[in-house]
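**Q** This is the structure I have questions about; it appears just below.
The values are calculated or read from the model by the stated rules, or taken from the named source; none is laboratory data. On a predicted model such as this, the values are computed, not experimentally measured, just so you know. Methodologically, a virtual Cβ is constructed for each residue, glycine included, from the backbone with ideal geometry; neighbour enumeration extends over all protein chains shown. The area values use the complete protein model at the heavy-atom level, side chains included, leaving out ligands, DNA and RNA. Shrake-Rupley method; radii C 1.70, N 1.55, O 1.52, S 1.80 Å.
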Amino acid sequence: MQLAEHPFRTIAWDQLEPTVHPGESGTASWQTHRLGDVRIRRVRYSAGYLADHWCTKGHVLLCVEGSLRTDLADGRTTTLGPGDCYTVGDDCEPHRSSTATGATLFIVD
C-alpha cells in the first residue's frame, strides 16, 4: 500500500452515505472514503451475515464492535472481537466473513 502525499484530514463517518451489499445471508453496509488507490471503510455486518464470495483482496481489518468469524480456504477459522485485528495480503489466502451477532469493522485496503 502506498499512501500518496495528502494533507491532514478527518473522516466524519456519519456524513458518508452507506451502500448496502447483500451477502449470501444478511447485509453489509459500507461507508467508504477513498484516498487515491486506498479504500478506507467502516463496514457494518447485520446479524446472520455470511459473505457471498471468497475474497482475495488484501486488508488491514479491525473489529470495532461485535464478533467476526473469518474462514480461510485452507480450512482455518478465526474469530475476532472488539479490538482484534487481522491482516492479509492481496491474492494470498482466500477468506470469507460471517457473523452471528453482527459486527462493525474498520478496513483499509
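**Q** How do the pairs read when you match residues in segment 16-31 that are in contact (Cβ under 8 Å) with a residue 12 or more places away in the chain with residues anywhere that are assigned to a loop (DSSP other than H, G, I, E, B) and among the polar types (S, T, N, Q), using Cβ under 9 Å and keeping only pairs 6 or more apart or on different chains?
**A** Between residues of segment 16-31 that are in contact (Cβ under 8 Å) with a residue 12 or more places away in the chain and residues that are assigned to a loop (DSSP other than H, G, I, E, B) and among the polar types (S, T, N, Q), the close pairs are G23/S46; S25/S46; G26/S46; T27/S46; A28/S46; S29/S46.
**Q** Would you confirm whether any residue within segment 78-99 is of a type in the set (K, R) and over 13 Å from the mean Cα position of the chain (by Cα)?
**A** No - not one qualifying residue is present in segment 78-99.
**Q** For segment 56-109, give me each residue that is touching a residue at least 24 places away in the same chain (Cβ under 8 Å) and of a type in the set (S, T, Y).
**A** T56, S67, T70, Y86, T87, S97, S98, T99, T101, T104
**Q** A further question follows. With respect to C92, is the statement that it is exposed (fewer than 15 other Cβ atoms within 10 Å of the Cβ) and touching a Leu at 6+ places or on another chain (Cβ under 7 Å) true?
**A** no
**Q** Go through V60, V64 for me and flag whichever is outside any loop (DSSP other than H, G, I, E, B), over 15 Å from T104 (Cβ atoms) and of a type in the set (A, V, I, L, M, F, W, C).
**A** V60
**Q** If R34 passes every condition in (1) open to solvent by 80 Å² or more (accessible area, probe 1.4 Å); (2) part of a strand (DSSP E or B); (3) of a type outside the set (D, E); (4) in contact (Cβ under 8 Å) with a residue 24 or more places away in the chain but one, which one does it miss?
**A** (4)
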